[in-house]
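*Asks:* For reference, the structure I am asking about is given below.
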Amino acid sequence: MSHDAPAIAIVPVKHLAAVKSRLAAVLTAPQRRALALAMLDDVLAALTATRGLAGSIVVGSDEAVAQLAHTHGARYLGDTAGELNAALALASQAAADAGAAAVLVVPADLPTVVPAEIEALLAARSRRPHIVLASADDGGTGALLLAPPQAMPFAFGPGSAARHRSAARAAGLEVLELRASGLARDIDRPGDLRQLIDTPRPTATQRLLAGFAGVQRTLHDPLAQAGT
């Protein structure tokens, strides 16, 4: 399969009422909801600016997510599966039906990802792997490219990088692994949020955090640090 064949990105978004519960010690529920949308905004902006993508599909359960997807010219797919990997399977089928030769799954909580990192994943197909994996610092999967779109089952969740490697081996598929800082750390715990604030960039997420009164003070409180 040619690496020039179209690839479609898939961005799964958890229900906004349940997002980022591990940040509850430092952010209120409305703040966590706003953070999730700001991070999605940054991820979609990076995907929109990426060369070599034929489009993006956002999978979610909220009208605010649908509106943001449409703002970036992405297709919105309502999550009818109720489980992450099942939802990704449905989105992958939708991408294949739309003519995609590959899908690139990018989580919605990677606000520092840049187009060059995504382009590197897409370019890796020129070396003819069936799977390109960008692992996260915590053992999860920062991004996963499958060519063809349904080359193997998705296995996202804690420790998913190892499961994706095992699934690829079981399917007899070649795997190429890449490291990219913007794909290596999601924003899940107070320590992640503190590091993000301490390394400012002109993103929607940073602008949002700058407006959260008292967050920086709370993040440097020892009790908040216990959740890192």
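The values are calculated or read from the model by the stated rules, or taken from the named source; none is laboratory data. This is a predicted model, so every value here is computed, not measured. Every residue, glycine among them, receives a Cβ derived from its backbone with ideal geometry; neighbour counts consider all protein chains shown.
*Asks:* Examine region 85-103 for a residue that is crowded, with 18+ Cβ neighbours inside 10 Å, in a strand (DSSP E or B) and on the phi < 0 side of the Ramachandran plot, and state whether such a residue exists.
*Replies:* yes
*Asks:* Oh, and also: What number of residues within region 110-155 satisfy the criterion of being in a strand (DSSP E or B) and of a type in the set (Gly, Ala, Ser)?
*Replies:* Count: 4.
*Asks:* Which number in (1) more than 24 Å from VAL114 (Cα to Cα); (2) at pLDDT 95 or above marks the one condition that LEU173 misses?
*Replies:* All conditions are met except number (2).
*Asks:* Identify the single condition in (1) closer than 20 Å to PRO107 by Cα; (2) in contact (Cβ under 8 Å) with a residue 60 or more places away in the chain; (3) surrounded by fewer than 20 Cβ atoms within 10 Å (Cβ to Cβ) that LEU145 does not satisfy, given that it satisfies every other one.
*Replies:* (3)
*Asks:* Where residues in region 24-66 are closer than 26 Å to VAL215 by Cα and without any contact (Cβ under 8 Å) to a residue 40 or more places away in the chain, which of them is surrounded by the fewest Cβ atoms within 10 Å (Cβ to Cβ)?
*Replies:* Across region 24-66, the extreme among qualifying residues is PRO30.
*Asks:* Within region 201-219, does at least one residue satisfy the condition of being of a type in the set (S, T, N, Q), farther than 21 Å from ALA46 by Cα, in contact (Cβ under 8 Å) with a residue 12 or more places away in the chain and outside any helix (DSSP H, G or I)?
*Replies:* No, region 201-219 contains no residue that is of a type in the set (S, T, N, Q), farther than 21 Å from ALA46 by Cα, in contact (Cβ under 8 Å) with a residue 12 or more places away in the chain and outside any helix (DSSP H, G or I).
*Asks:* Still on this model: What is the residue count in region 156-173 for residues that are touching a Phe, Trp or Tyr at 6+ places or on another chain (Cβ under 9 Å) and touching a residue at least 12 places away in the same chain (Cβ under 8 Å)?
*Replies:* 3
*Asks:* Among (1) within 17 Å of LYS14 (Cβ to Cβ); (2) at pLDDT below 95; (3) β-branched (Val, Ile, Thr), which single condition is ILE131 missing?
*Replies:* (1)
*Asks:* Okay, moving on. If SER166 meets every condition in (1) over 13 Å from the mean Cα position of the chain (by Cα); (2) in a loop (DSSP other than H, G, I, E, B) apart from one, which number is that one?
*Replies:* (2)
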